[in-house]
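Let me begin by presenting the structure, written as structure tokens, before commenting on it.
The values are calculated or read from the model by the stated rules, or taken from the named source; none is laboratory data. What you see is a predicted model; the values in this text were computed from it and never measured. Note: ideal-geometry Cβ built from the backbone for every residue, glycine included; neighbour counts use all protein chains shown. What goes into the accessible areas is simple: the full protein's heavy atoms, side chains included, and nothing from ligands, DNA or RNA. Shrake-Rupley method; radii C 1.70, N 1.55, O 1.52, S 1.80 Å.
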Amino acid sequence: MATKTAVSLTTPTGIAYQQPTGLFINNEFVGGSDEGTIDVVNPATEKKICAVSEARENDIDKAVAVARKALNGPWRLTTPAERSQYIYKLAMLMEESAEKLAAVESMDNGKPINSARGDIGGAIGCLRYYAGWADKIEGRVIDTDPSKLNYTRREPIGVCGQIIPWNFPLMMWAWKVGPAIACGNTVVLKTAEITPLSALVAAELIVQAGFPPGVINIVTGYGNIAGSAISCHMGVDKVAFTGSTAVGRQILKDAASSNLKKVTLELGGKSPNIVFNDADLDRAASWVDNGIFSNMGQNCCAGSRIYVQSGIYDAFVQKLKEKIQQRAIGPPEDEKTTHGAQVSKAQLDRILGYVDSGKKAGAKIEIGGNRVNRPGYFMEPTIFSEISGDMDIVNEEIFGPVGVIGKFETIEEIIETANDTAYGLASGIHTENLKTAIEVSNNIKAGTVWVNQYNGVHWQLPFGGYKQSGIGRELGEEALFNYTQTKTVSVNLQ
Ligand code: TXE
């Protein structure tokens, strides 16, 4: 009997739909070769939603083989303008299914339905942006002497393995697939094992958009099996990864010890969010609240280290607490909810472990600190004060709604404190003084600096990490350089 590759589900918002559950290989949903499955749980209810196929090494081999066949076959013959049209069509189909995709994302991940709608909009915008790039990828003519014609071609890298996390499942899907496909590569993308559902719904749209079989393959599976099979694969030319720094390190090793595939990494962070005496207190408190608690703190650029200049410290803490108290914790499907569930029990336990460690280290809980007393993996927005630089809660990525707040006096001091981290993904500065904003921006070692705002990620703007927060840049034109390689052709005209 063939493995079932779809189930009938109804989202908590009341949308009945067919959820694909198979591996999407060569434009078809198929069962895993070992018929293993992974249970998918709704983190807001702790109840099983369905089970999806588990990809093993064999399945990754199959997906890589069809991706290679497509690369050397129909996809190679596709014009840039046709590639652009496929991506536009995919974006249009996603837009038509946006409400369903948002509801599925919210059910699978635990995020409020309104945040999920924002994510789906972000995924669509990102795809449209890269659809626009597909026919604008150009080489150069370089004069060296009159008897030579030298030019560069920007060619696709080949079969791209892409491994994504669970915090923004469909948005990460679009960040990875969009630029890779625009540049003429083919893709084997692995979802996070705990949030596979929206990626599979979107996979159905790949067929409807008319992509040739094998161009985009979507697999669900565990990191140490399917993920590792991708990063170690001799037939994968490039791997793009978003996730923990520990796994990023492993992926670099896998690439080095297999075929030296190209690697881009988008990893963790412990980003500083700095408020100066002259900041607009109310607005700064809103951005700081958004910076750490958006997506329940499960955000690689979360502004998790909050530093406030001494002149406004007490007033700011008070204001921030008022903002936090306005957060509506509740069922993700409720339109009024602004704070949903953490993604899994494992993540909730990890967060509670950090809260415990903060208390033991002597930090003071200003607000929150507890699991919410209701079914589901809900955690109170939490702020620690009275911190010191040697505490784990100050140095390690908690990836939950737990921020630390400290006081500073001078610009020199805060630049040093802000940079006193192994990470360098993002940062925020709140001041009305342009000179302060520019001086601090220029001196912070981070891939993004937000001034008088936070979390302003946009598909047109390059995004990625300094130091141990990553290698390479996603989004914007820069992402295209991760998905093309330059060939120099030099013709002797004599
Ligand atoms: O991440 P993993 P986890 C950080 C965050 C979080 C911590 C742990 O601090 O608390 O990581 O989360 C796949 N070879 N971030 O355990 O394991 C895995 O299947 C290849 C930050 O969920 O890094 C999933 O698809 N792949 C982050 C993806 O890697 C492997 C987002 C991410 O999972 C693999 C998520 C392996 N050996 C977590 N092991 C961000 N930067 O946004 C796992 N994977």
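Values computed for the structure shown
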| read-out | value |
| --- | --- |
| Tally, over segment 252-270, of residues that are over 22 Å from residue 183 (Cβ atoms) and within 10 Å of the ligand (Cβ to nearest atom) | 6 |
| Complete set of residues in segment 126-146 that are assigned to a helix (DSSP H, G or I) and open to solvent by less than 10 Å² (accessible area, probe 1.4 Å) | 126, 127, 130, 131 |
| The listed residue being closer than 30 Å to residue 339 by Cα, over 26 Å from the mean Cα position of the chain (by Cα) and not assigned by the TED database to the domain that holds residue 340, out of 78, 10, 45 | 10 |
| Tally of residues being within 11 Å of the ligand (Cβ to nearest atom), touching a residue at least 60 places away in the same chain (Cβ under 8 Å) and crowded, with 23+ Cβ neighbours inside 10 Å across segment 337-356 | 2 |
| Residue, surrounded by the fewest Cβ atoms within 10 Å (Cβ to Cβ), within segment 228-243, restricted to residues that are within 11 Å of the ligand (Cβ to nearest atom) and part of a strand (DSSP E or B) | 242 |
| Given (1) free of Cβ contacts under 8 Å to residues at least 24 places away in the same chain; (2) near the ligand (Cβ under 7 Å from one of its atoms), index of the condition residue 249 fails | (2) |
| Single unsatisfied condition, residue 273 versus (1) touching a Gly at 6+ places or on another chain (Cβ under 6 Å); (2) within 16 Å of the ligand (Cβ to nearest atom); (3) open to solvent by less than 10 Å² (accessible area, probe 1.4 Å); (4) of a type outside the set (A, V, I, L, M) | (2) |
| Of all residues making up segment 454-494, the number that are part of a loop (DSSP other than H, G, I, E, B), under 27 Å from residue 305 (Cβ atoms), of a type outside the set (A, V, I, L, M) and open to solvent by less than 70 Å² (accessible area, probe 1.4 Å) | 10 |
| Residues satisfying the stated conditions in segment 345-379, i.e. more than 26 Å from residue 430 (Cβ to Cβ) and part of a loop (DSSP other than H, G, I, E, B) | 361, 362, 370, 372, 373, 374, 375, 376, 377, 378 |
| Segments classed as helices (runs of 4 or more DSSP H), wholly inside segment 1-111, with at least 3 members that are open to solvent by less than 80 Å² (accessible area, probe 1.4 Å) | 57-72, 80-96, 98-109 |
